[in-house]
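Chemist: Got a structure here, written out as structure tokens. Questions coming.
Every number here is computed from the coordinates shown, using simple stated rules; none is lab data. For clarity, every value in this text was computed on a predicted model and none was experimentally measured. All Cβ positions, glycine included, derive from the backbone under ideal geometry; neighbour counts span all protein chains shown.
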Amino acid sequence: MSDVLKKIAEIGIVPVVKLDSPDQAVALGKALAAGGLPIAEVTFRTDAAEESIKKLNAELPGLLVGAGTVTTVEQVKRAAAAGAKFIVSPGFNPSVVKYCVDSGLPVTPGVNSPSQIEQGIELGLSVLKFFPAEQSGGLEMLKAFAGPYGSVKYVPTGGISAKNMAEYLAYDKVLAVGGSWMVKPELVSAGKYDEVTRLCREAVMTSLGFALHHLGVNEPDESASLSDARKMSEFFGFALKPWNSSNLVGAGFEFMKKPFLGKNGHIAIGTLSVERAVTYFAGKGVATRPETEKRDASGSLAAVYLNVEIGGFALHLVRARTP
């Protein structure tokens, strides 16, 4: 997977931007970045696309800018010359895809059928745009694709909104989602960039899905751990489960057999993506403790501690429980 696609995965949301004038580009780009989404897919549905991409690249070098609704090789060439770092097309045009692959330009063509997915695989793609997502069967269709095409990941676009994005992002075959609800043309044309920023921030928090996972309590030794775990179990009827380094009680409590990170223990926060959460905190200047990383069989980050404490408790990011 290219570095650009890895960056898109870390961000998790691709704002699909339609601009009527290049004069709107920089203000909108700043609003996206301020809201925690330093990325824009500028669609070629208007004549302003090419110049808008040029302006964004020149004035906001930290913004990852791509071109969307690209349907011809000629548009790819114009987008690339303007500085587009990735190409998105609504359908699967073999000429467009092959040109991008041969040029080393990341491309996510639109697919919604097994035949189109196989075309993408044949051309060496492992990430495809699922479009129009909701109208093509939504998440259930993606899960059906996963059986025969388990190596492919998707960027669902079309019908994605603040209401359903978390459901898509919780699925491990979804690299990111694309949408325009936070950059509606009427907001841009009215210059309501503060509202764009607010909607972006809201989308970022939804994409992370932060929620309390469990509370870990530091105990001096195994005896104290078991004693307190039994009390919690007896008081509230929660099941007690002995574990390697702790005793677990119910779904929300962990009594450590010896002190670990944090003066008092740790607070585990579930998130839809530990990778995206790490990127989010890095943007706030909060680092992780690399030695605490845990990865699953596929190499994806499943848990890690942040290098901070709150109230004497270390903060532990863990992948959220999903159905």
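Chemist: At R0 = 41 Å, how high is the FRET efficiency between Lys284 and Gln116 if r is their beta carbon distance? Nearest 0.05 is fine.
Modeler: The pair Lys284/Gln116 has a calculated efficiency of 0.55.
Chemist: Let me ask another. Restricting things to Cα coordinates, could you compute the convex hull volume per residue of the range 3-207 in Å³?
Modeler: Per-residue hull volume (Cα only) is 102 Å³.
Chemist: I would also like to ask the following. If amide hydrogens are placed 1.01 Å from N in the peptide plane, which non-local residues have theirs closer than 5 Å to the one on Val217?
Modeler: Here Glu254, Phe255, Met256, His266 satisfy the definition.
Chemist: Based on the Cβ-Cβ distance from Tyr171 to Met1, what FRET efficiency comes out when R0 is 22 Å, to the nearest 0.05?
Modeler: According to the calculation, E is roughly 0.80.
Chemist: Here's another thing I want to ask about it. Apply the Karplus curve 6.51 cos²θ - 1.76 cosθ + 1.60, θ = phi - 60°, to the phi angles in the range 124-134 and return the couplings in whole Hz, x for Gly and Pro.
Modeler: Each residue's phi maps through the Karplus curve to give x, 8, 10, 10, 10, 7, 9, 8, x, 4, 5 Hz.
Chemist: Here's another thing I want to ask about it. Could you check the spin-label model distance between Lys241 and Met205? Points 7 Å from the Cα along Cα→Cβ, value in nm.
Modeler: 3.1
Chemist: Could I get the Rg over Rh figure for the range 96-208? Both from C-alpha atoms, Rh via Kirkwood, rounded to two places.
Modeler: Rounded to two decimals, Rg over Rh is 1.03.
Chemist: How large is the dipole of the range 224-273 about the Cα centre if only Lys and Arg carry +1 and Asp and Glu carry -1, each at its Cβ, rounded to the nearest 20 debye?
Modeler: Using Cβ point charges on Lys, Arg, Asp and Glu, the range 224-273 gives about 140 debye.
Chemist: Which of the trypsin sites (Lys or Arg not before Pro) found in the range 136-219 are loop residues per DSSP with 16 or fewer other Cβ atoms within 10 Å of their Cβ?
Modeler: Sparse-neighbourhood loop trypsin sites (Lys or Arg not before Pro): Lys163, Lys192.
Chemist: Next question. Taking +1 at the Cβ of each Lys and Arg and -1 at the Cβ of each Asp and Glu, which of Gln135, Leu301, Gly158 sits farthest along the dipole of the chain towards its positive end, judged by Cα position relative to the Cα centre?
Modeler: The listed residue farthest towards the positive side: Leu301.
Chemist: Roughly how many nanometres apart are two label points built 7 Å out from the Cα toward the Cβ at Arg198 and Glu222?
Modeler: 5.6
Chemist: Okay, next question. Relative to the Cα centre, what is the charge dipole magnitude of the range 3-207, using +1 at the beta carbon of each Lys and Arg, -1 at the beta carbon of each Asp and Glu, and rounding to the nearest 20 debye?
Modeler: Using Cβ point charges on Lys, Arg, Asp and Glu, the range 3-207 gives about 180 debye.
Chemist: Based on the alpha-carbon gyration tensor of the range 205-272 and its eigenvalue square roots a ≥ b ≥ c, which shape applies: rounded if a/c is under 1.5, prolate if not and a/b is larger than b/c, or oblate?
Modeler: Cα axes put the range 205-272 in the oblate bin.
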